[in-house]
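A.B. asks: This is the structure, below, for whatever I ask next.
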């Protein structure tokens, strides 16, 4: 194994270790203004391990399943769109059942999709990741329910931007690395799926 490949493998493994599987312990802190809320929310997808794993996996899987950039962006875009819908539902106070189990299931399923490099029509891919995104968004919305007005919507913008950045990083990783090194897709996807299993056992 080349040293570059080893470093990449170590980075992927560390990113998917179940160190803090449930990102919602503590959640997003309530902000004291729009700017404060935006920056805290922007960082949140990077610090919650479940969100980090799921959003990177969406980008990586899109790159592997849809080699053309004309279609690869569609599933990540659907994720961000439905993430915002779910966040608005959560922010409004409407109860969505099964949020944490669905987040855990999303990590498991997305990891498996990366590991096997599963292809499917982009409409189905966008619908699948969009359904998962709704539950991720609802969790964020509940965390922000104590905020109001500009602060809450600035936080939602931060979450959307942070999520889109992770999707973009996953797309670049998939296109630049994983097409040439299929074993990395199997390793990283398997580790992500294992994280999902761990999260589900924690909820049982």
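Computed from the coordinates by the stated procedures, all read-outs in this text should not be read as laboratory data. Since we're looking at a predicted model, the values are computed, not measured. Neighbour counts run over all protein chains shown; Cβ positions are idealised from the backbone, glycine included.
A.B. asks: Express in nm, to one decimal, how much length is gained between residue 68 and residue 96 on full extension, taking 0.36 nm for each residue of separation and deducting their alpha carbon distance.
C.D. replies: Values: separation 28, 0.36 × 28 = 10.08 nm, distance 3.52 nm.
Once the chain is fully extended between residue 68 and residue 96, it gains 6.6 nm.
A.B. asks: OK, next. Please state the shape class of region 87-204: rounded when a/c is under 1.5, otherwise prolate if a/b exceeds b/c and oblate if not, all from the C-alpha gyration tensor.
C.D. replies: Details: a/c = 2.29, a/b = 1.62, b/c = 1.41.
Prolate is the answer for region 87-204, as a/c is 1.5 or above and a/b outweighs b/c.
A.B. asks: With 10 angstrom as the radius, rank 95, 73 by how many other C-beta atoms surround their C-beta, starting from the fewest.
C.D. replies: Listed from fewest to most nearby Cβ atoms, that is 95, 73.
A.B. asks: Using per-residue counts of other Cβ atoms within 10 Å, averaged over each peptide, order 106-118, 36-48 from highest down. If you can, show how the numbers build up before the last one.
C.D. replies: Working: 106-118: 22.5, 36-48: 20.5.
Top of the packing list down: 106-118, 36-48.
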